[in-house]
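Have a look at the structure below before the remarks.
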Amino acid sequence: MKPFIITLVGKDKPGLLGTLADIVYQHKGNWLASNFAHMAGQFAGFVEVHIPEDQVKALEEALTQQTDLRITFNSGDETPAAHQQALISVVGNDKPGIVQEVAAAIRKLNLNIEQFESACVSAPGSGNELFNAELFVNIPEDFDIDKLQDAVEKVANDLMVDVELK
């Protein structure tokens, strides 16, 4: 079985994920992980699947027949290296540049963001936009987690940041 990442963006409609799951199943694929959401009026997401090598071409062809979706099909790595992870939670008033500043602070420590999810929600009471993000960051076993906490907290004084090992 070979790992692949399928990404898609397009108009949502009933049964869309079911159709995608049927196509993967018909080609003897195994659906491992996925993340889908409505964004800017579109349905977008990605899924990791493992496919027998003799089914790869046929699966690609079946996916390209989904004309109302933009789909990409990318080969994945066989087995990721073992690592330690830190979960970073960031909450604060929304403003341009938060993601850039947090990512830059992590990059300066030569760390890799493995997963990133964010959303803006209306703050209770005030109605102001509140930025929420959760990041999973790969860190070496001997890395001082306090350095990561300090670096992300320095991004902005008005952000609340929590860092914990997972």
Discussion item. Being at positive phi and either modelled with pLDDT of 90 or more or surrounded by 15 or more Cβ atoms within 10 Å (Cβ to Cβ) (or both) is true for just one of ASN138, ASN132, ASN110, ASN74. Which residue is that?
Written reply: ASN110
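Conditions tested, residue by residue: (1) within 24 Å of SER118 (Cβ to Cβ); (2) among the acidic types (Asp, Glu).
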position	(1), (2)
LYS11	yes, no
ASP22	no, yes
ALA40	yes, no
ILE51	no, no
ALA62	no, no
ASP68	no, yes
PHE73	no, no
Worksheet item: Has the stretch 43-54 got any residue that is at pLDDT 95 or above, over 22 Å from the mean Cα position of the chain (by Cα) and surrounded by 15 or more Cβ atoms within 10 Å (Cβ to Cβ)?
Response: no
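Restricting attention to the stretch 1-18, which residues are in a helix (DSSP H, G or I) and surrounded by 14 or more Cβ atoms within 10 Å (Cβ to Cβ)?
Of the residues in the stretch 1-18, the ones in a helix (DSSP H, G or I) are 16-18.
Scanning the stretch 1-18 gives LEU16, LEU17.
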Practice prompt. Identify the single condition in (1) over 15 Å from the mean Cα position of the chain (by Cα); (2) outside any strand (DSSP E or B); (3) modelled with pLDDT of 90 or more that ALA81 does not satisfy, given that it satisfies every other one.
Written response: (3)
Discussion item. Being over 22 Å from the mean Cα position of the chain (by Cα) and free of Cβ contacts under 8 Å to residues at least 40 places away in the same chain is the filter here; which residues of the stretch 130-152 pass it?
Written reply: ASP142, ASP144, ASP146, LYS147, ASP150
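The values are calculated or read from the model by the stated rules, or taken from the named source; none is laboratory data. Quick caveat: nothing in here was measured; it's all calculated off a predicted structure. Don't worry about glycine lacking a Cβ; one is built from the backbone with ideal geometry, like all the others, and counts go over all protein chains shown.
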